[in-house]
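Shown next, in structure tokens, is the structure this report addresses.
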Amino acid sequence: MDERWVEAEGIDVETVMEEIRRRIEEKREKRVYTQEEIRAIEHVDLLPLPDILDVPHLYDPEEMEKHLGTLSFGTVRDLPMEFPLPPSGIKGKIKRVLYRLGHKLAPVINILTLYRLADLNFRTEKLVYTLEDNVRTSLQIHTTYREHLKIVYNLFFHMTGETTKLKIENDSLRVKLKELENRLQFLEERERVLERSLEKRG
Amino acid sequence: MIVHQLLTSLVPGDAISNEALTIRRILLEEGHESRIFGYYHHASLASHFTHYSQFPLYAAPEALLLYHFSIGSPVSKIYFQSPGRKGMIYHNITPHAFFLDYHRILAKECYKGRKELETFVKRTDLALGDSEYNRRELEELGFPKTGVLPIVADFSLFDTEPNPVTERLLKDDKFTLLFVGRIIPNKKIDDLLRLFAVYQKYYNPNSRLILAGEYRGFERYLAEIQQIVGRYDLKEVWIPGHVPFDDLVAYYRRADLYLSLSEHEGFGVPLLEAFHNKIPVIAYDAAAVAETMNGGGLLIKSKDPERICGLIEALRNDPSLRKRVVQGEEKALEKYRYHNIRSLLLDHLERLKG
């Protein structure tokens, strides 16, 4: 045991330490407690009460947008950035010859397929209109859904905040009540002492 | 000589207020002119107090000004405007880290306070710390002229009648451990309760712990420490809050031992109050505690509960050891006697005058 653990001028510290040792040994021999019990009390953790300042008071739209952004509505798949290279060898040579030939014959092919293209164009336009219509309707539904989500988010945000605040308020009121109980008990004891002394005088 | 003092508040029971009142008394006895300027005061001390807005009426180049530095005070601007020589008494600022989990506003104020102190360096002619520990802090900040002026406390105030009801309440065979000070994290009240849990459970069930001090503003810390009381079903733990002076006198009269496990004390007036009331003191060696105890009492180097309980038991069962400790405390208290502090104060004022 460290002899310098206790310091006092004009006191034989060694004798005091011997006395402390003797008392500790006595307790240990009688098995009054175990080392584990002492360490458990020594290191008992305090459970902190939450602070009301931790609860945000104001609804933060930016924070909400961030939260909504994390909700998955599907993501646009990236287009492949690398195109396949033309095959090499005889197959590649034939393909390149056909490509050059096709390139040269392109005006003739265009004139021949003009009628089919006009028809295709007409059909594509119709398809685009229908698709646009569908997208517009989906977008409208989506916007409405998103607005509803904002309102629900807002509502939950405030409800969570208010419930947390109420819980903290409840905890601190409980502490205050406990304090008042202690004080009342103390005052009652004082009252009894006063009563007893008055009785004696009477 | 004209010496005015500047502080934030003048209230009864506050160590800084008591010091300001004692300094004023010394100065008036010496035939000097002296006033206490501040921001607010308790009605009972109105005759000693002048509002700081009236300071310009009394300011003069030959007047010395002593500022009891405290955090976030509106009176600082008066200090900077004063035309005379300026001195500061620094009572230390608790490191903000102690308050982070319990009182964020106070933690911020403490942090700002230390920053604010730096602005006083070039405008202060003499900076006094109430302990060598505080003086060293001032020196490290760059104050050119520093000194030590221990808290000028008038211990004779304790030689009055205690509250008879409180005294009667404590008149039993219970071994009473006392701690006086605010119920705040740096005072390590939780460690005191942990220790008391070991002591009451395994060493002396017939014991009591009194924690006399203000807890308002630290209800969350109070709730935490009450968990220990509840968990170990501790009996006779008194937390009376801020107590009237006659109650405090009764606590000191009836206490068998003063125990402090505080980890930050800029000075530690209650240690000396316990010395004056002839109570053996066991205190953990942190910050200015060892210096304040001046060789008196028992200074411990770690918070091992077994050893502390053994030491308490040794003091409880060995009257001769108790007597020797109290004698040592009486000797240590000499340094802080009124006449000694009085001459030290007058010396410092001469230094300030230049």
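The values are calculated or read from the model by the stated rules, or taken from the named source; none is laboratory data. This structure is a prediction, so every number in the text was calculated from the model and none was measured. Because the Cβ atoms are built from the backbone with ideal geometry, glycine has one as well, and the counts that use them run over all protein chains shown.
Keeping to segment A:46-57, report how many residues are more than 9 Å from every other protein chain (Cβ to nearest Cβ) and exposed (fewer than 14 other Cβ atoms within 10 Å of the Cβ).
3
Hey, B:GLN226 hits all of (1) touching a residue at least 60 places away in the same chain (Cβ under 8 Å); (2) more than 17 Å from the chain's Cα centre (by Cα); (3) more than 27 Å from B:ASP318 (Cα to Cα) but one; which does it fall short on?
Tallying (1) touching a residue at least 60 places away in the same chain (Cβ under 8 Å); (2) more than 17 Å from the chain's Cα centre (by Cα); (3) more than 27 Å from B:ASP318 (Cα to Cα), B:GLN226 fails exactly one: (1).
When A:GLU132 is evaluated against the numbered criteria (1) within 12 Å of another protein chain (Cβ to nearest Cβ); (2) among the charged types (D, E, K, R); (3) surrounded by fewer than 11 Cβ atoms within 10 Å (Cβ to Cβ), which criterion, by number, is the only one it fails?
Of (1) within 12 Å of another protein chain (Cβ to nearest Cβ); (2) among the charged types (D, E, K, R); (3) surrounded by fewer than 11 Cβ atoms within 10 Å (Cβ to Cβ), only one is false for A:GLU132: (1).
Within segment A:63-79, is there a residue that is more than 8 Å from chain B (Cβ to nearest Cβ), at pLDDT below 90, surrounded by 10 or more Cβ atoms within 10 Å (Cβ to Cβ) and closer than 30 Å to B:GLY230 by Cβ?
Checking segment A:63-79: not a single residue is more than 8 Å from chain B (Cβ to nearest Cβ), at pLDDT below 90, surrounded by 10 or more Cβ atoms within 10 Å (Cβ to Cβ) and closer than 30 Å to B:GLY230 by Cβ.
Regarding segment B:291-305, can at least one residue be identified that is in contact with a Lys or Arg (Cβ under 6 Å, 6 or more places away or on another chain) and of a type outside the set (Ser, Thr, Tyr)?
yes
Just a yes or no: is a residue in segment B:118-127 assigned to a loop (DSSP other than H, G, I, E, B), modelled with pLDDT under 95 and either in the same structural domain as B:ALA287 (by TED's automatic domain parsing) or exposed (fewer than 15 other Cβ atoms within 10 Å of the Cβ) (or both)?
yes
Determine which member of the set B:ILE78, B:ILE23, B:ILE2 is within 20 Å of the chain's Cα centre (by Cα), in contact (Cβ under 8 Å) with a residue 24 or more places away in the chain and crowded, with 16+ Cβ neighbours inside 10 Å.
Testing whether each residue is within 20 Å of the chain's Cα centre (by Cα), in contact (Cβ under 8 Å) with a residue 24 or more places away in the chain and crowded, with 16+ Cβ neighbours inside 10 Å leaves just B:ILE23.
With the structure loaded, tell me whether B:TYR102 is aromatic (Phe, Trp, Tyr) and either within 20 Å of B:SER17 (Cα to Cα) or touching a residue at least 60 places away in the same chain (Cβ under 8 Å) (or both) or whether it fails that test.
It is true that B:TYR102 is aromatic (Phe, Trp, Tyr) and either within 20 Å of B:SER17 (Cα to Cα) or touching a residue at least 60 places away in the same chain (Cβ under 8 Å) (or both).
Taking only segment B:222-265 into account, find how many residues are more than 14 Å from B:PHE179 (Cβ to Cβ), among the hydrophobic types (A, V, I, L, M, F, W, C) and away from chain A (no Cβ under 13 Å).
Of the residues in that region, 2 qualify.
So B:GLU265 passes all but one of these: (1) touching a strand residue (DSSP E or B) at 6+ places or on another chain (Cβ under 8 Å); (2) within 20 Å of B:PRO185 (Cα to Cα); (3) of a type outside the set (Gly, Ala, Ser). Which condition number does it fail?
Failing condition for B:GLU265: (1).
Looking at this structure, is B:ASP172 modelled with pLDDT under 90, part of a loop (DSSP other than H, G, I, E, B) and over 23 Å from B:LEU271 (Cβ atoms)?
It is false that B:ASP172 is modelled with pLDDT under 90, part of a loop (DSSP other than H, G, I, E, B) and over 23 Å from B:LEU271 (Cβ atoms).
Which one of these does B:GLY217 not meet: (1) buried (at least 18 other Cβ atoms within 10 Å of the Cβ); (2) touching a residue at least 40 places away in the same chain (Cβ under 8 Å); (3) within 20 Å of A:GLU179 (Cα to Cα)?
B:GLY217 satisfies every listed condition except (1).
Across segment B:26-38, what is the total count of residues that are without any contact (Cβ under 8 Å) to a residue 60 or more places away in the chain, surrounded by fewer than 18 Cβ atoms within 10 Å (Cβ to Cβ) and of a type outside the set (Gly, Ala, Ser)?
Residues that pass the stated criteria total 4.
For segment B:311-322, indicate whether the set of residues that are at positive phi, within 11 Å of chain A (Cβ to nearest Cβ) and not in a helix (DSSP H, G or I) is non-empty.
Among the residues of segment B:311-322, not one is at positive phi, within 11 Å of chain A (Cβ to nearest Cβ) and not in a helix (DSSP H, G or I), which makes the answer no.
Return a yes/no flag: does segment A:153-172 have any residue that is within 14 Å of chain B (Cβ to nearest Cβ), surrounded by fewer than 11 Cβ atoms within 10 Å (Cβ to Cβ) and closer than 30 Å to B:GLY241 by Cβ.
yes
Among the candidates B:ASP256, B:ASP246, single out the residue that is touching a residue at least 60 places away in the same chain (Cβ under 8 Å), in the same structural domain as B:ARG322 (by TED's automatic domain parsing) and in contact with a Lys or Arg (Cβ under 8 Å, 6 or more places away or on another chain).
So the residue among B:ASP256, B:ASP246 that is touching a residue at least 60 places away in the same chain (Cβ under 8 Å), in the same structural domain as B:ARG322 (by TED's automatic domain parsing) and in contact with a Lys or Arg (Cβ under 8 Å, 6 or more places away or on another chain) is B:ASP256.
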